[in-house]
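The values are calculated or read from the model by the stated rules, or taken from the named source; none is laboratory data. Everything numeric here is computed off the predicted structure, so don't read it as measured data. Methodologically, a virtual Cβ is constructed for each residue, glycine included, from the backbone with ideal geometry; neighbour enumeration extends over all protein chains shown.
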Amino acid sequence: MRNGGLWSDRALAHARYLFPIEARGVVSQAWTDVLTKPRRLTVVLLACGAATASGCGGTTQGVATFPPQHGPAFEQPVVLRSRGGLLRTTFTVQERRFTVAGVQVRGKSYQGDFIGPTLRVRPGDTIEIRLVNRLGEPTNLHEHGFHVSPIGISDNVLRTMPAGSDSAVRVRIPRNLSPGTYWYDAHQHGLVEEQIFSGLAGVIIVDGLTQRLPPALRHVPDRVVALKDLQVRDGAIVTENIDSDAPTTRTVNGLVDPVLRVRTNQTQLLRLANISADIFYRLRLDGARFTVLAEDANPVGRVWAADELILPPGKRYDVLVRWPRPGTYRLRTLRYRTGPSGDNYPERRLATVRVAGTPVAGVSWPRSIGPLPQLQRERIRRVRHLTFSENDPKERYFINGRRFDATRVNEVVKLGSTEEWVIRNATGEQHPFHLHVDDFQVISINGKPYRARSLRDTVILPAHGVVRIRIRFRDFLGATVYHCHITAHEDGGMMGIVDVTRAGRRPSGRTLRDLRNMRKAMTTADHRSHAAMP
Ligand SMILES: [Cu+2]
């Protein structure tokens, strides 16, 4: 119903009045906008009461998972590699059927699978993607964590790729881009949650991490562990009223509890990436610890070992692991609560590791493979204060009391300057703060100094807490965004625009032009209007 641009805002607004009488077709489209996403059973019950049984049959609380196949052999997403400095491919983005955990489901896809292909590139390469949009709704493409230009046809999330469009994306990767695990996803404000949830996300690996390891570790098995959940109803991934707190099926690379076979004491490089739309992971590995090499694709100045790693949506860790003794071990996500008013996730097994064979000789871990960040010593040009707040039942999410507004540039920053941002969380649930383009250093959490081991691009704001970060806006001009990475919150307004200019005073003309276009795209009827509008 959101395709075709047939329905004006006025028609949709009018249709909302009709909701109690008619709850299908375009009107059902409209009432989902008003009633928004649950955590409220009432919404679902209303929907089930008003619509025919087809949308609600066989489910509890309006949500569903599906009976997946358990225990297949571990597999990774398809890999596309750059050649001669160029990775060129086509994403024909469309609804299709694909196999997840051995079951055919309908979702949205870049190249036919639930998890997009892994893009494997080197610093200095160029990525060229032709994005053919056959979704019947707008989309765009973001390279999460990339320190690249946010303007033009590069990593530009203010750009809209309308239904039916054919768009070129060209991202020039700097020679000094840090190696590690990144990811890409759809970033069209108002549709982000639904599109990522449906399948529009994949991993990017920038090569070079293993070259920083001692010679004995440079050729260790290197595996993507993409964490992604889904809820299925009537054979399709749920796209309306996604409830991040509902029972969900957690997959590794689209598989449920895959079995990874490794040799005893052989070191493995795991690329842990939470490419889910909304949910957190609290990872634990039986019989082994995580030795962290990189956080958000920033090789660490001090390698550390962890029994548990918490990955909010968007987060990545490159880790080394090994099991000194043969046996069967689990990768699990443990119970996790994001706060008194947040989500509550049960424990789940994610993968099984079978360790066998004669042990490989032990190799010592590296101690440091990157620089320790030093922004605590920088001269600060400006301190900014951001407060995250919400009206959760109404699905409204705010930064400094306002929802995202495509007519307003929230912060104008001077190129080359270093700033301190003090980010408060006035809510009873965690919000993962994410900034595009420029990574930051965490300085303190709840007033306690934080000894950062590297820069990062995502940090959890504790419930009713405060995080201080420092950012050096190094070299890229142009506007981009910062937002909560629970994408339901981002779609609900928890996002702002930062424009990096030479003078650092007024937004650039190009930014204002980009915003006008974004605004236009958001107000056309083919754009789902649960996007936060001022
Ligand atoms: Cu949030």
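Summary table
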| quantity | calculated |
| --- | --- |
| Enumerated strands (runs of 3 or more DSSP E) restricted to the stretch 221-311, each holding at least 1 residues that are among the hydrophobic types (A, V, I, L, M, F, W, C), under 30 Å from Pro371 (Cα atoms) and at pLDDT 95 or above | 222-230, 268-274, 281-285, 290-295, 298-306, 308-311 |
| Where a residue in the stretch 84-102 is without any contact (Cβ under 8 Å) to a residue 60 or more places away in the chain and its partner, wherever it lies, is of a type in the set (Asp, Glu) and outside any strand (DSSP E or B), with Cβ under 7 Å and at least six apart | Gly85/Asp125; Leu86/Asp125; Leu87/Asp125 |
| Residue check for Pro366: in a loop (DSSP other than H, G, I, E, B) and in the same structural domain as Val252 (by TED's automatic domain parsing) | no |
| Matching residues, the stretch 461-478, being aliphatic (A, V, I, L, M), surrounded by fewer than 21 Cβ atoms within 10 Å (Cβ to Cβ) and within 16 Å of the ligand (Cβ to nearest atom) | Ala463, Val466 |
| Test result for Val437, of a type in the set (A, V, I, L, M, F, W, C), closer than 17 Å to Thr387 by Cβ and either away from the ligand (no atom under 16 Å from the Cβ) or modelled with pLDDT of 95 or more (or both) | no |
| Some residue of the stretch 192-201 being in contact with a Gly (Cβ under 7 Å, 6 or more places away or on another chain), among the aromatic types (Phe, Trp, Tyr) and closer than 23 Å to Ala277 by Cα | no |
| Some residue of the stretch 339-354 being closer than 24 Å to Val437 by Cβ and touching a Ser or Thr at 6+ places or on another chain (Cβ under 8 Å) | no |
| Residue check for Ile380: in contact with a helix residue (DSSP H, G or I) (Cβ under 6 Å, 6 or more places away or on another chain), modelled with pLDDT of 95 or more, assigned to a loop (DSSP other than H, G, I, E, B) and farther than 18 Å from Phe433 by Cβ | no |
| All positions within the stretch 474-496 that are within 21 Å of Lys315 (Cα to Cα), outside any helix (DSSP H, G or I) and out of contact with any helix residue (DSSP H, G or I) (no Cβ under 6 Å at 6 or more places or on another chain) | Thr480, Val481, Tyr482, His485, Ile486, Gly492, Gly493, Met494, Met495, Gly496 |
| Only listed residue being crowded, with 24+ Cβ neighbours inside 10 Å and either of a type in the set (Asp, Glu) or in the same structural domain as His385 (by TED's automatic domain parsing) (or both), chosen from Val500, Val442, Val481 | Val500 |
| The stretch 497-510, subset of a type in the set (A, V, I, L, M) and either in a strand (DSSP E or B) or under 20 Å from Thr239 (Cβ atoms) (or both), residue farthest from the ligand (Cβ to nearest atom) | Val500 |
| Residue in the stretch 278-295 that is within 26 Å of Glu194 (Cβ to Cβ) and out of contact with any Phe, Trp or Tyr (no Cβ under 8 Å at 6 or more places or on another chain) present | no |
| Scope the stretch 145-185; condition among the hydrophobic types (A, V, I, L, M, F, W, C) and part of a strand (DSSP E or B); matching residues | Met161, Ala168, Val169, Val171, Trp183 |
| Residue that is farthest from Gly478 (Cα to Cα), among those in the stretch 372-395 that are away from the ligand (no atom under 14 Å from the Cβ) and crowded, with 19+ Cβ neighbours inside 10 Å | Pro373 |
| Among the candidates Val437, Val422, Val413, residue that is buried (at least 22 other Cβ atoms within 10 Å of the Cβ), out of contact with any helix residue (DSSP H, G or I) (no Cβ under 9 Å at 6 or more places or on another chain), among the aliphatic types (A, V, I, L, M) and farther than 20 Å from Leu309 by Cα | Val437 |
| Criterion: farther than 16 Å from Val292 by Cα, of a type outside the set (Ser, Thr, Tyr) and touching a Leu at 6+ places or on another chain (Cβ under 9 Å) - qualifying residue of Arg325, Arg354 | Arg354 |
| Residue list for the stretch 396-434, filter: at negative phi, away from the ligand (no atom under 15 Å from the Cβ) and not in a strand (DSSP E or B) | Asp405, Ala406, Thr407, Arg408, Val409, Asn410, Leu415, Ser417 |
